[in-house]
Amino acid sequence: MTAQLTITFQAPPEEADQLAREVSDWYEDDEELRPTVRLVMAEAESGKMGGLATAVELVGAVEPLLTAAVGAFGYWLGQRVSARPVSFEVTRPDGSSRKITATEGTLDDALRRFEEFADDQPADGTP
C-alpha cells in the first residue's frame, strides 16, 4: 500500500474546505488514526485570518495503520453520500491519481476503486 495518499475534494473552495475538515475531525476522534491525517492548507488571502483546507493527506509509517485510515475514509464517505454525492481525487506521492465520484448507488464501486488505487493496483483497468 502507498505510504501516503492525498485526497482533494472536487467542489467549490468553501465546500472542499468543509469536507476536508470533516474528514480531519473524523480521524481526530480516533486515538489510533489521529496521526494518519493532516490538512493541506492554502495560504490565507490578503486581509483574511486563515487559509482554506485544500486537501487531506492520509499518511502511515506502517501499512496496517494506513490500511485502517483508508477503511475509515470509506466509512466516512458512506455516511456522507447518504446526503449528497461526493467527488474527490486521490493522488499518490508519484503524482498518479484517480478521480472518483461516490453516490449512494455507486458507493461500493467507488470504495473498491479507492481501495485498489491505495493498494497500488489499477482501479479502472489502466496501468
- Members of segment 62-88 that are touching a strand residue (DSSP E or B) at 6+ places or on another chain (Cβ under 9 Å), more than 17 Å from GLU28 (Cα to Cα) and aliphatic (A, V, I, L, M): VAL81, VAL86
- Does ALA55 satisfy the criteria of being among the small types (Gly, Ala, Ser) and modelled with pLDDT of 80 or more? yes
- Message: Yes or no: segment 72-83 includes at least one residue that is closer than 18 Å to ASP119 by Cα and not hydrophobic (A, V, I, L, M, F, W, C).
- Response: yes
- Can you tell me which residue within segment 89-116, out of those that are in contact with a strand residue (DSSP E or B) (Cβ under 8 Å, 6 or more places away or on another chain) and of a type in the set (A, V, I, L, M, F, W, C), is most open to solvent (accessible area, probe 1.4 Å)? LEU111
- Any chance segment 43-53 includes a residue that's in contact with a helix residue (DSSP H, G or I) (Cβ under 6 Å, 6 or more places away or on another chain), open to solvent by less than 80 Å² (accessible area, probe 1.4 Å), in contact (Cβ under 8 Å) with a residue 12 or more places away in the chain and within 20 Å of GLU116 (Cα to Cα)? no
- Query: Are there any pairs, at least 6 apart or on different chains, whose C-beta atoms fall under 9 Å, with the first in segment 97-115 and closer than 16 Å to ILE7 by Cα and among the aromatic types (Phe, Trp, Tyr) and the second open to solvent by less than 60 Å² (accessible area, probe 1.4 Å) and assigned to a helix (DSSP H, G or I), and if so, which?
  - Reply: PHE114/VAL70; PHE114/PHE73; PHE114/GLY74; PHE114/LEU77
- Item | For TYR27: the one exception among (1) within 17 Å of ASP108 (Cα to Cα); (2) within 14 Å of the chain's Cα centre (by Cα) | (1)
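The values are calculated or read from the model by the stated rules, or taken from the named source; none is laboratory data. Values in this document were obtained by computation on a predicted structure and should not be read as measured data. So basically every Cβ, Gly included, is an ideal-geometry build from the backbone, and we count neighbours across all protein chains shown. Areas reflect the complete protein model, heavy atoms only, side chains present, ligands, DNA and RNA absent. Shrake-Rupley method; radii C 1.70, N 1.55, O 1.52, S 1.80 Å.
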